[in-house]
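Engineer: Structure below; questions to follow.
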Amino acid sequence: MTLAATTPVVREHPIDPQQIDPRALKILRQLDEAGFEAYLVGGCIRDLLLGKQPKDFDIATNARPEQIASIFRNCRLIGRRFRLAHIHFGRYIIEVATFRAPPEREARTDSYGSVLEDNHYGTLEDDVVRRDFTINALYYDSKNDEIRDYVGALDDINRRIIRIIGDPVARYTEDPVRMLRAARFSAKLNMPLEADTEAAIVACRDNLRAVPAARLFDEVQKLFMSGYGQTCFDVLQQHGLFEALFPDAEKTIHYPHAAYAQYAKNMMRIALANTDERIAADKPVTIAFLLAAILWPVYQLQYRGLLKERDNWHSAMHEAIDLVHIAASERVAIPVRLRGMIREIWALQARLEQAARGNIRKMHSVLAHPRFRAAYDFLLVRQGAGEDLADLVELWTALQQDPDTAADVEQYRAEQSEDEESAAAPRKRRSRNSNRRKKRD
Ligand code: ATP
Ligand code: MG
């Protein structure tokens, strides 16, 4: 990695200090008054230059964590792998990180070469080269209203390209999560990966196995719950990275039976599209719903397999759910609470089918289940993915809007069986409010 030979200081830039959070500006001022260097860095500068609203404002400084803590009363030090200062403003947090040097040769690494501990402090120039992508390595000096660009980041922003800083294989080996971040930024910013940045992923993606499953869960949340999940899914697929997160789900997408493979992919894409739409509309979302959809095709295969060996479908169902959760969590640690929600959504799919054949009481008890709405929405995803569920969807749509319909349904069934018994003349089909299907809200 060669640092740009030209001066890194850029005075002509389109950032208006009014666009910057005043609390961040205040922190920069206080650090400066205490005699330290401090800059806004990373995603906030990138997003402002790309005309997007930054998610958060991160600060980099030459002050050590303890020194930061001594300046700000509302400061808490966090992190082990990276020691960081969090400055709290009620629920809002601004992260202040000390300039870091690249990991040393003798840094503690795991058997795959991932760096386990990285608390070597350095200069601004050191800090630049340990950042992940050029577009994330711009520093804004508020005192002089200048941007510092050491790595040709502004050119890459203008060319709209995502380029890793340094040797791609070395940087991905150091921290394999950077491959997922590359995919996420590519999806979020609609910018392609630079050729070497992309090519090295093939050689390095297996290293993701070494990343702790809890960290991968955090990344999955960022990938799929930030409003552009469907695009992230496509970009991950394109680079063979989805497999690193959900190996069994990936197999269902390439299942030998083409129709099932298509169904599996549809499940995932439709659920992701739903989530993106809900985020755009400011509606509540849960990752449990998404994970339930991603893992559903795996669960279905597992369940059908077990059903051949068991006579009890209920125990086969719960055993299949357990097996799917155990296997999935080897890569992506799904918290227990979410596993519970996924189990409920899946178990309710069976109850939606059974209660539809049952009596009013059964239908009402399913309607009253706290997870009914999610289970109903999940049924719609299954239908959208290609399952023939029109009657079931029609029934639950009507029941949900008007639970009294249950009485109609029961009566209709009774009449139907009488008709069958007496083999009577052709009967008229009772309407079940088929046009009242409502979107999730
Ligand atoms: P977002 O808009 O998603 O918050 P961001 O660029 O701010 O994007 P963060 O995860 O908040 O991403 O990280 C802040 C900055 O820290 C990044 O811009 C990057 O410079 C640096 N960074 C974060 N993770 C890594 C990593 N794994 N390796 C190297 N640098 C990283
Ligand atoms: Mg950020």
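Engineer: Taking amide H positions as placed 1.01 Å from N in the peptide plane, with prolines and chain starts having none, which residues 5 or more places from residue 371, or on another chain, fall under 5 Å of its amide H?
Structural biologist: Under 5 Å from the amide H of residue 371: no residue qualifies.
Engineer: Continuing with this model, one more query. Take the alpha-carbon centre of the range 138-152, take the same for the range 283-347, and report the distance between them in whole Å.
Structural biologist: For the range 138-152 versus the range 283-347, the Cα centre distance is 48 Å.
Engineer: Around residue 167, what is the net charge, scoring Lys/Arg as +1 and Asp/Glu as -1 over all other residues with Cβ under 11 Å from its Cβ?
Structural biologist: -1
Engineer: When the convex hull of the C-alpha atoms of the range 133-192 is computed, what volume per residue in Å³ does it have?
Structural biologist: Numbers: hull volume 5.7 nm³, N = 60.
Value for the range 133-192: 94 Å³ per residue.
Engineer: I've got another one for you. Given R₀ = 45 Å, what would the calculated FRET efficiency be for residue 326 paired with residue 67, taking r from the Cβ atoms and rounding to 0.05?
Structural biologist: Details: r = 46 Å, r/R0 = 1.01.
E between residue 326 and residue 67, to the nearest 0.05, is 0.50.
Engineer: So what's the net charge close to residue 371: Lys and Arg +1, Asp and Glu -1, counting the other residues with Cβ under 12 Å from its Cβ?
Structural biologist: Details: positive: 343, 351, 373; negative: 344, 377.
Computed value for this residue: +1.
Engineer: Hey, another quick one. Report the calculated FRET efficiency for residue 361 and residue 304 (r = Cβ-Cβ distance, R0 = 45 Å), to the nearest 0.05.
Structural biologist: 0.90
Engineer: If you don't mind, another one. With the calculation restricted to Cα positions, what are the radius of gyration and Dmax of the range 276-364 in angstrom?
Structural biologist: Every Cα atom of the range 276-364 included, Rg and Dmax give 14.9, 45 Å.
Engineer: So what's the range 4-54 giving for Rg/Rh, alpha carbon basis, Kirkwood Rh from the mean inverse pair distance?
Structural biologist: Details: Rg = 12.5 Å, Rh = 12.5 Å.
Radius of gyration over Kirkwood radius for the range 4-54 works out to 1.00.
Engineer: Label points 7 Å out from Cα along the Cβ direction at residue 144 and residue 251: separation in nm?
Structural biologist: Reported label-point gap for residue 144 and residue 251 is 5.8 nm.
Engineer: Now, a different point. Compute the Kirkwood hydrodynamic radius of the chain, taking the inverse of the mean of 1/r over all pairs of distinct Cα atoms, and give it in Å to one decimal.
Structural biologist: Radius from the Kirkwood sum: 25.0 Å.
Engineer: With θ set to phi - 60° and the Karplus curve 6.51 cos²θ - 1.76 cosθ + 1.60, what are the ³J(HN,Hα) couplings of the range 298-308 in order, to the nearest whole Hz, using x for Gly and Pro?
Structural biologist: Running phi through 6.51 cos²θ - 1.76 cosθ + 1.60 with θ = phi - 60° gives 5, 4, 4, 5, 4, 5, 5, x, 5, 4, 5 Hz.
Engineer: Nearest 10 degrees is fine. How inclined is helix 229-238 to the longest principal axis of the chain, computing both from alpha carbons?
Structural biologist: Value to nearest ten degrees: 80.
Engineer: Please give me the summed charge of the neighbours of residue 382: other residues whose Cβ is under 12 Å from its Cβ, Lys and Arg +1, Asp and Glu -1.
Structural biologist: On the way: positive: none; negative: 353, 377, 387, 388.
Net charge in that neighbourhood comes out at -4.
Engineer: Percent of Cα-Cα pairs more than 20 Å apart in the range 170-311, please.
Structural biologist: 50
Where a number appears in this text, it was derived from the coordinates with a stated rule and is not lab data. Keep in mind that what you see is a predicted model, and the values were worked out from it rather than measured. Ideal geometry is used to build each Cβ from the backbone, glycine not excepted, and the neighbour counts take in all protein chains shown.
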